[in-house]
Amino acid sequence: MLHPRPQLARDSFLSLNGTWELETGGIIAPVCVPYSPETAPSGFPALASPARELVYSRDFRLPPEFIGRRIILNFNAVDQCCTVYVNGTRAFSHEGGYLPFCGEITTMIDPEGINSIRVEVQDYLDETGFGYGKQCLNPHGIWYHAQSGIWQDVWLEAVPMQYVSSLRIEPDFDASSVGITVLSEFDTVCSIEIDGRRTECRTNEKTVIPMPGFQPWSPEDPHLYHFTVRLDQDVVRSYFGMRKFSVRDGRLCLNNRPYFHSGVLDQGYWPQGLYTPPDDDSMKSDILLMKSMGFNTLRKHIKVESPRWYYHCDTIGMLVWQDLPSGGKFPPNPVTAYGPYKIPGFRLPDSNYALFHRENPQSRENCLKELREMVGTLYNTVCIAMWVPFNEGWGQFDSTSAGQMIRTLDPSRTVDNISGWMDQHAGQFNSRHVYRRPYVYKKDRFGRCTILSEFGGYSCAIAGHCPDSGWGYRTESDPVHLRDSLISLYRNQILPAVKQGLCGSIYTQLSDVETEINGLVTWDRQVVKVEPQIMKELNSELYAVLS
């Protein structure tokens, strides 16, 4: 099995994916983890509606090589809040449906006998303020089928008494160095080895390692430096890339040079598994397909993916704009969510919490908690170039201070405070969504970079690969017309805008999703609607402006 956490990998791990027992809605039956019970690959009997209360259970034995070591139980994501029990003892709990968590269970297990895990899950959707993304009990339009429970990898790892709990990796492009902090509950000596060079250091203290003559990371040359950390008997493997994201003179820059971000909206949905892809190769194939089309960016829309997805972006070479999964009460207030779509430039202050369905103080705090955890969890990821805390007014609040908070937590990346509309005239970007009307570039009067963070959405039905009642923001009768329209869109609207100052553009979207058929590839990933070489040529024309 490929390691479920590539940036902190040990040889001693045991997958707990596979058959569990699940009790929900009065049904007790086997379920295949990590697929949610609402999905066909889970093998669970069909649910009339998404599960609200779920109880998972399974037994396990420790491998012989795990005995005598500390045992950590890891969950990469469980939707939405859960408590974990081991052999009847409460082990740990977690809130939020998109981020990994873990806990030590050493004292709770029988090292040589049969052990039981019980996971009690509650999926509150929009009731807590935590993100629920585009999940909906009544799927329609841009809102999709809801799911619940365990939807990413579950696994055990064995660690020695003294071990590395996490790493913080800070490439410093301008100083030709990398700062690495080895975090541990023990204050002790350890070592870091990069390309045969070994550096002695102490845990919980930042160690700056010179990288003279380093090879930069970029989508065109995604060079990674692999390194090993040794703390007593613990050995972990990780990696980093030497890159720098910044804004200068009204342009996005990569490694101190103006760099146009041309990407697609990637919602990460699959026809069978919904949030969960069929396998590792499927995740990789999506990224490679967009790369073959010449795109250098994916906007990971209203979802956080598994660690392996980001690993593939790191290794393949694909920038990521990372959204926080949206929260707040459903449905969003039509005034805040759709008013600016009808009236360009329309705005309201997002300190008016009731208008944005964020009047509950706990809802706001839970959102900020999840935002802080997302930035912390994904901080070491090489490919993430931009954080996006809010989208189109869905549960938006205090976006200016939220953006400032992110910049304090992570000054190494850019932040799009509010993607699309309900702009508060602050932050680094004027971020626009334009559908069903021509895009005309306008220089931001506040001196910010201008990005077209969503546009296009041209639909094209492919018989046998999409529903009969699919929709998009503009309908094309067949792939030939879609191709011609995209050529016109990019050459007549996007290319002139890049010459005027546009810094990045995100086309909607990578794949069809349920009844939304405006993808460049069908939802089942069987039909690519536009010849990749066509899109590659269009993207090359955009990049040539800044070359």
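Only the coordinates and a few stated rules stand behind these numbers; no lab work does. Note that the structure is a prediction, hence the values are computed from the model and not measured. Note that each Cβ is placed from the backbone with ideal geometry, even for glycine, and that neighbours are counted across all protein chains shown.
Region 487-547 and region 30-62 have their alpha-carbon centroids 38 Å apart.
Please work out whether region 160-213 counts as rounded, prolate or oblate from its C-alpha gyration tensor, where a ≥ b ≥ c are the square roots of the eigenvalues and a/c under 1.5 means rounded, while otherwise a/b larger than b/c means prolate and anything else oblate? It is prolate, given that a/c is not under 1.5 and a/b is the larger ratio. Counting other Cβ atoms within 10 Å as a rough exposure proxy, the listed residues S399, S488, S282, S165 run S488, S282, S165, S399 from fewest neighbours to most. Note on the chain: along the principal axes its Cα atoms extend 68, 61, 46 Å, ordered by decreasing extent.
Here the residues R483, R202, ranked from fewest to most Cβ neighbours within 10 Å of their Cβ, fall in the order R202, R483. A cut-off of 5 Å between modelled amide H atoms, ignoring neighbours fewer than 5 places along the same chain, links S177 with D172, M211.
Sequentially through region 395-412, phi angles give Karplus couplings (6.51, -1.76, 1.60; θ = phi - 60°) of x, 5, 6, 6, 5, 5, 6, 5, x, 5, 4, 5, 5, 6, 5, 9, x, 8 Hz, Gly and Pro residues having no value and appearing as x. Test of understanding: given the chain, find the longest segment containing no GluC sites (Glu not before Pro) that are in a DSSP loop and have at most 12 other Cβ atoms within 10 Å. Result, exposed sites excluded: 221-547.
Work out the length of the dipole vector of the chain about its Cα centre, built from +1 on the beta-carbon of each Lys and Arg and -1 on the beta-carbon of each Asp and Glu, and round it to the nearest 20 debye. Write out the running numbers ahead of the final one.
Details: 51 positive and 63 negative charges, 381 e Å.
Once rounded to the nearest 20, the dipole reads 1820 debye.
Here the 3J(HN,Hα) profile of region 507-516, calculated from phi with Karplus coefficients 6.51, -1.76 and 1.60 at θ = phi - 60°, is 7, 9, 7, 5, 10, 4, 9, 6, 8, 8 Hz, Gly and Pro shown as x. Spatially, region 175-254 and region 74-144 are offset by 31 Å when compared through their Cα centroids.
Distance from the Cα centroid of region 407-477 to that of region 316-364 is 14 Å (rounded to whole angstrom). For region 180-279, what does the alpha-carbon gyration tensor say about shape, rounded, prolate or oblate, given a ≥ b ≥ c as the root eigenvalues, a/c under 1.5 as rounded, and a/b over b/c as prolate? Oblate is the answer for region 180-279, as a/c is 1.5 or above yet b/c matches or exceeds a/b. DSSP bridge analysis restricted to region 245-544 gives an antiparallel fraction near 20%, rounded to the nearest 5. Relative to its residue count, region 245-544 spans a Cα convex hull of 126 Å³ per residue.
The dipole here belongs to region 245-544: it is taken about the Cα centre, uses +1 on the Cβ of Lys and Arg and -1 on the Cβ of Asp and Glu, and is about 1140 debye. Shown for region 13-159 is the translational diffusion coefficient from the Stokes-Einstein equation, using the Kirkwood radius over Cα pairs, a temperature of 4 °C and a viscosity of 1.567 mPa s: 82 µm²/s. Can you tell me what share of the DSSP beta bridges in the chain is antiparallel? A percent to the nearest 5 is fine. Of all bridge pairs located within the chain, approximately 70 percent are antiparallel. Couplings 3J(HN,Hα) for region 40-47, derived from phi with the Karplus relation 6.51 cos²θ - 1.76 cosθ + 1.60 (θ = phi - 60°), are 4, x, 5, x, 7, x, 4, 9 Hz, where x marks Gly and Pro.
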